[in-house]
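Below is one structure, written out as structure tokens, with a few remarks after it.
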Amino acid sequence: MREIVAMFDPRRTSVGDSQILTSRGRLAVFGLIVLLGVLGPVVAIVEPYWLYILVQVLVFALLALSLDFVFGYAGLLSFGHAAMFGAGGYSAALLITEVTPNALVVLPVAMLTGVAVAAVIGWFSVRSRGIYFAMLTLAFAQMFYVAAFADLPATLLGVESITGGDNGIYGIALYELIGIDLSDRINYYFLTLLLVALSLAFLVRLANSPFGRVLQGIRENEERVAFIGYDVRRYKVVGFAISGGFAGLAGGLYVPFQSLAHPQFLHWTVSGELVVMLLLGGMGTLWGPMLGAASVIILEEMLGGIAAWEVILGGIFVVVVIFAPRGLAGVLISLKEDPRNALTNAKNAIENYVRKVRGKS
Amino acid sequence: MVDATTLIRATLLGLQLGMTLALVAAGLTLIFGMLDVINFAHGALYMLGAYFGVTVATELGSFWLALVIAPLLVAVVGGAIEILSLRPLYGRNPLYHILLTFGIAIMTQGLVVEIWGAQSLRIQVPDALSGTLTYGSLSYPVYWMFVLAVSTVLIGAIWLAISRSDIGIIIRASAHDTEMVDALGFDVSRVFTGVVVFGAALAGVAGVLLGASRSVNPGMGFGVIIQAFVIVVIGGLGSFRGAVFSALLIGLVTAYGALIAPSLTDLFMFALMAVVLIIKPSGLFGATEAA
């Protein structure tokens, strides 16, 4: 599409101050990536188990990023991103076990699988809007889940096993990449970090491009964008497919690391948890949801040993949504803009809450 | 082979499942229609109904008391949720309700495990309702007939109330245009609380009814919620009539689907929803009417 090409045009006009991540924000993200690059080797020596958590954090951050690009930025409320995540994962699992463990082959294929699945789901789903769109994407994702769980492909093709049914595909080897030993977990971590960073850079660029502006315009006022002459449905499908590609990539990174492709990866609870990460982090900011994903994964890990961990986690969601309307990203932005009034703001939020509960809005 | 007896049995099962699901979906669709809230906690309320039912039935030794008291307790919980957490969020992007109600659902699940434990429980069916009905080669549990009868009567009563009574008119009007009802001088916030309380009680009834024929476990809330959403969406969000109609549809699809391919019943359900939404993007009874 014209706009995607134009995005890389150095002469393109500035898009003003409403863009995602200002130069200072970019610096902060860059600093965070460098920090994570240093943190990996340290963690690998001190507590190798936490390296495992870090990879999980990165994968889900990528997934949340891909979802936010359509959900928060284009207003396409996808409740079926597990489909692209799982499809990418399953295609990676099948390629590694049957063909080659070469990352340069498998990861692009996982990504393309995500694009293809998203294009199909998107093409059908963009006919509906809002919550109906959400339920259509959910329906398709759940159909993928049932198909993988009952190993429908194998039944249709008359072979013994393809998806492995409710056992999934297990014992998947780690990637090979020319000259780099990826069975060394720290190298796998670096690869994941690099790909997540590149994905973030690409999607931020895309969001700030004319193409991204059109998507944002569709979120704000679909009729008006259509009226100007843009083919709204086509933009939605293309945006959804791009997002699906990154979800597929996340699946392709997750499956070999877990050494497992399981129907559970396709289940609606994965999509649901993703939406929760998004709202917790602050949707529409691209970086907020990544933060949300990291918080949820780390919280689940830390609380896992405590008896009533679900109560605490659920309680955190409730408190954040009531007192921090724009998620964690909103809290960080207001702290940065106005650090001295943090206490007053918190007091106002509580007073506001009490007033609303009493019904005097 | 599928013979007449199996078919009749499946039909009865489908109707029973559909009517109990309608009890859950009715509250869900009314809450969405009026409050714009996507209530993920509705499954948790259904689950609470079953657990309260277990406790009341064992402590007081009466299924009948459980059937009355448990839904009332769930209604109180529903009211507390509305006043303490939904109310402060009205007027904000409805998407945030997802995070809120998801959080409440997880909390409830955790609390249930803390209080009642993770193992499966069951509500004792009273003697009067145990046993099976036999008619020719068809045998069907008495209790299941009872469940079908109770939920049908309840749904029928609500249908009448919504289409005939004054409160029903206000409810339908609020689902259609909240601001206008507010402007006409009705206390909309009280109607909101009322709808959540009422929807919670219905989910509680469904919980008790099914808690005696299936197992009561901490996963049942999340198990029912997606099915209920599918029903609400097929029927058209906010439409009570649509919810009842599509609940019966889904109940029958599930029951007949189990005869054809038990592992694929969910596939049939979601395929049905996809087809309906592709043909009619706002559900069967959606958008053009409110109730």
Starting from the stretch B:3-17, keep only residues that are open to solvent by less than 60 Å² (accessible area, probe 1.4 Å), then list their pairs with residues that are not in a helix (DSSP H, G or I) whose Cβ atoms are within a distance under 8 Å, requiring at least 6 positions of separation or different chains. B:THR5/B:GLY136; B:THR5/B:SER137; B:THR5/B:LEU138; B:LEU12/B:TYR140
If we keep only residues of the stretch B:81-117 that are open to solvent by 70 Å² or more (accessible area, probe 1.4 Å) and hydrophobic (A, V, I, L, M, F, W, C), then the residue farthest from the other protein chains (Cβ to nearest Cβ) is B:ILE115
I'd like to check something: does the stretch A:189-204 contain any residue that is over 29 Å from A:SER23 (Cα atoms), touching a helix residue (DSSP H, G or I) at 6+ places or on another chain (Cβ under 8 Å) and surrounded by 15 or more Cβ atoms within 10 Å (Cβ to Cβ)? no
Single unsatisfied condition, A:PHE124 versus (1) crowded, with 20+ Cβ neighbours inside 10 Å; (2) under 23 Å from the mean Cα position of the chain (by Cα): (1)
When both residues are 6+ apart or on different chains and their Cβ atoms are under 9 Å apart, which pairs have a first residue that lies in the stretch B:20-47 and is farther than 13 Å from B:VAL77 by Cβ and at pLDDT below 95, and a second that is open to solvent by 10 Å² or more (accessible area, probe 1.4 Å) and of a type in the set (Lys, Arg)? B:GLY33/B:ARG172
Show me the helices (runs of 4 or more DSSP H) entirely contained within the stretch B:141-217 in which 3 or more residues are open to solvent by less than 40 Å² (accessible area, probe 1.4 Å). B:142-164, B:166-176, B:188-211
By residue number, the members of the stretch A:94-126 that are farther than 20 Å from A:SER66 by Cα and in contact with a Leu (Cβ under 8 Å, 6 or more places away or on another chain) are A:PRO101, A:ASN102, A:ALA103, A:LEU104, A:VAL105
Name the single residue, out of those in the stretch B:242-280 being closer than 28 Å to A:ASP166 by Cβ and hydroxyl-bearing (Ser, Thr, Tyr), that is nearest to the other protein chains (Cβ to nearest Cβ). B:SER263
Can you find a residue that is within 12 Å of chain A (Cβ to nearest Cβ) and on the phi > 0 side of the Ramachandran plot anywhere in the stretch B:228-237? yes
Just one of A:ALA139, A:ALA147 is of a type in the set (Gly, Ala, Ser), under 19 Å from B:LEU267 (Cα atoms) and surrounded by fewer than 24 Cβ atoms within 10 Å (Cβ to Cβ); which is it? A:ALA147
Residues of the stretch A:205-251 being without any contact (Cβ under 8 Å) to a residue 12 or more places away in the chain and among the aliphatic types (A, V, I, L, M), in sequence order, are A:VAL225, A:ALA226, A:ILE228
Of the residues that sit in the stretch B:168-227 and are of a type in the set (D, E, K, R) and more than 23 Å from B:ILE250 (Cα to Cα), which one is nearest to the chain's Cα centre (by Cα)? B:ARG172
Check whether at least one residue in the stretch A:170-180 is assigned to a helix (DSSP H, G or I) and open to solvent by less than 40 Å² (accessible area, probe 1.4 Å), and report yes or no. no
So A:LEU107 passes all but one of these: (1) open to solvent by 10 Å² or more (accessible area, probe 1.4 Å); (2) not in a helix (DSSP H, G or I). Which condition number does it fail? (2)
Among the numbered conditions (1) touching a residue at least 12 places away in the same chain (Cβ under 8 Å); (2) closer than 24 Å to B:GLN124 by Cα; (3) surrounded by fewer than 22 Cβ atoms within 10 Å (Cβ to Cβ), tell me where B:GLY61 comes up short. (1)
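The values are calculated or read from the model by the stated rules, or taken from the named source; none is laboratory data. This one's a predicted model, so the numbers in the text were calculated from it and none came from an experiment. Cβ coordinates were reconstructed from backbone atoms using ideal geometry, including for glycine residues, and neighbour counts include every protein chain displayed. In case anyone asks, the SASA skips ligands and DNA or RNA and just uses the protein heavy atoms, side chains included. Shrake-Rupley method; radii C 1.70, N 1.55, O 1.52, S 1.80 Å.
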